[in-house]
Amino acid sequence: MLTLYYSPMSRASRIIRLIDELDIWSEIEIRRVSVARLDGAGGQDPSNPHPDGKVPLLVHDGVEIWESNAIILYLTDLFPKAGMGPVAGDPLRGRYLSWLAWYGNVVEPVIVMGAAELSHPILTATFRGQAEMTERLVRALEDSPFLMGEQFTAADLLMVSPFTWAPASTPDHPLVRAWIERCDARPSAERTARYDAEQLQEAGAA
Ligand SMILES: N[C@@H](CCC(=O)N[C@@H](CS)C(=O)NCC(=O)O)C(=O)O
């Protein structure tokens, strides 16, 4: 039994997109909860078991899995048929793990620090910055349309997600812009946006 705790237009939306790409809508129950938003709207939902009251949270047979990259890895391992992430034993597995971990360990901190206009030598030494992040993406996209090669994977899905909700953090490079367009052209992008909009409307009406 799989349950996703989700809130519209949040970091949980990328898990909705993954559900769509994996075509596992019937395998997972989605529970909409409220979360505290940065603008002061909303608030923690007592029905959300996430230890910090955040989304996304996946619960599988009573075990809680939190953090987007952990949830993505969990689901692509559990449902490998769609080819959204190389499984253990695949020669590209290490590259896949690296993109997922790098996203959480470096990309989100760099984007959040940029949005907060924070800068400090220790932060730069630890995480580097926007220029290094862009360079890494550009290097990956020089020879292939997607981060892992010819095929769109959950590494692209995760990595592209902040650039759709924080366009100011989007690296201004033609290769990156073309990659974002390729990712956005997939039907899952539009279906996720539609799902989010419907859920937002329902939440408002509730
Ligand atoms: N690193 C976490 C971040 C989760 C997160 O911050 N989610 C936001 C929504 S976009 C949230 O639930 N905020 C509510 C709160 O901070 O209480 C992940 O990627 O899963």
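Using R0 = 25 Å, the C-beta based FRET efficiency linking TRP165 and ALA101 works out to 0.75. Mean projected area of the convex hull spanned by the Cα atoms of the stretch 39-88, taken over all viewing directions: 4.9 nm². Farthest towards the positive end of the charge dipole of the stretch 63-156, among the residues ILE65, GLY89, THR126, is the Cα of GLY89, using unit charges on the Cβ of Lys, Arg, Asp and Glu.
Here the spin labels are modelled as points 7 Å beyond Cα on the Cα-Cβ line, and at MET9 and GLU29 they lie 2.8 nm apart. Summing +1 for each Lys or Arg and -1 for each Asp or Glu among the other residues whose beta-carbon sits under 13 angstrom from that of THR170 gives -2. Computed over the stretch 96-206, the alpha-carbon pair-distance distribution with 10 angstrom bins reads 13, 42, 30, 13, 2, each value a whole percent.
Eigenvalues of the alpha-carbon gyration tensor of the chain, scaled by 5 and square-rooted, set the equivalent ellipsoid semi-axes at 26, 22, 17 angstrom, largest first. Note: relative contact order over the chain, using C-alpha pairs below 8 Å and six or more positions apart, is 21 percent. Against the empirical 2.2 N^0.38 Å (N residues), the stretch 141-195 has a Cα radius of gyration ratio of 1.09. Charged neighbours of MET1, selected by a Cβ distance under 15 Å, balance to -3 (K, R count +1; D, E count -1). Across the stretch 1-94, counting alpha-carbon atoms alone, Rg and Dmax equal 13.9, 45 Å.
Rule-based calculations on the coordinates, nothing more; no lab input. Quantities reported herein were computed from a predicted structural model and do not represent experimental measurements. Please note: Cβ atoms are built from the backbone with ideal geometry, for glycine as well, and neighbour counts cover all protein chains shown.
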